[in-house]
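Written below as structure tokens is the structure these notes are about.
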């Protein structure tokens, strides 16, 4: 692991970004975390999914070495309202533990992760209001994003208000990079990291899940019981998401039992533990084709 440089960015340092950030003189009081069901903000319409898959089929890059491995750079951006755990301040220890979980979870894929830098950004506005497609999200990402298509940028926020309220995270897909490279990456609820307050989603598996999207995977319940689902042959169709850690059942007519423990389902963190071989093949092909990763 390379050395980690921590940058402390105050609201004053963000004058060039937004005057609304510098106008805040007192940190807002935030409610306690109450998370009962996993809510991922990574969604794709059926028409957009069909178009993306058609593009994938015509632009996929064949594997030169099926056993190749690769290490990808990671940039954490800790957006916080204040230097408290409730205000979104994530410690270096939490980040290091999250990196360990990422490397353990992705070991079967041949991908590993190298933490390059942690940037700490004091912005109560971004912390509270960032949501998919919002002006706050775009401003935040355009100001703080490093590296190329293979660099994983992670912004931790609070999802306190607006369209993002209640989310655990969301991500961009690999095929999106060609059109919008400046917003590529994962936005994550800070309290889902190890030691956070969003039980039962506080063991670091939300990032594993969202990076699965960043690597080209859909939810295991994508499309329900119809169509091509998640475009992976060895993941059974699911009528809907699985929550908690129930006994696996078949939810589609004539289907196999749902993969309750799959990283791309909606199970509790303690329940998630694996990708399928088909998901691994798809993920490797997606990052090879759209992120220039030699795996």
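The values are calculated or read from the model by the stated rules, or taken from the named source; none is laboratory data. These figures come from a predicted structure and were not determined experimentally. Positions of Cβ are generated from backbone atoms using ideal geometry, with glycine treated the same way; all protein chains shown enter the neighbour counts.
Check 201, 266 and return the single one that is crowded, with 22+ Cβ neighbours inside 10 Å, in a loop (DSSP other than H, G, I, E, B), in the same structural domain as residue 170 (by TED's automatic domain parsing) and modelled with pLDDT of 95 or more.
Every option except 201 fails the conditions.
Please enumerate the residues belonging to the stretch 236-278 that are touching a residue at least 60 places away in the same chain (Cβ under 8 Å) and within 17 Å of residue 198 (Cα to Cα).
Correct list: 243, 266, 267, 268, 269, 270, 272.
Every residue in the stretch 96-126 that is in contact with a strand residue (DSSP E or B) (Cβ under 6 Å, 6 or more places away or on another chain), assigned to a helix (DSSP H, G or I) and touching a residue at least 12 places away in the same chain (Cβ under 8 Å), please.
Passing the criteria: 99, 102, 126.
Pick from 63, 52: which is surrounded by 14 or more Cβ atoms within 10 Å (Cβ to Cβ), assigned to a helix (DSSP H, G or I) and at pLDDT below 95?
The unique qualifying residue is 52.
Starting from the stretch 73-93, take each residue that is under 17 Å from residue 160 (Cβ atoms) and list its partners that are crowded, with 16+ Cβ neighbours inside 10 Å and at pLDDT below 95, counting only C-beta distances under 8 angstrom and pairs at least six apart or across chains.
Going by the 8 Å Cβ cut-off, the qualifying pairs are 81/27; 81/30; 82/27; 86/30; 87/27; 87/30.
State yes or no: is residue 144 in contact with a strand residue (DSSP E or B) (Cβ under 9 Å, 6 or more places away or on another chain), surrounded by fewer than 22 Cβ atoms within 10 Å (Cβ to Cβ) and under 20 Å from residue 130 (Cβ atoms)?
Taking the combined requirement at face value, the residue satisfies it.
Please specify each residue of the stretch 261-291 satisfying the condition of being over 18 Å from residue 215 (Cβ atoms) and more than 19 Å from the chain's Cα centre (by Cα).
Residues satisfying the conditions do not exist here.
Given the condition modelled with pLDDT of 90 or more, surrounded by fewer than 16 Cβ atoms within 10 Å (Cβ to Cβ) and not in a loop (DSSP other than H, G, I, E, B), answer yes or no: does some residue in the stretch 69-92 qualify?
yes
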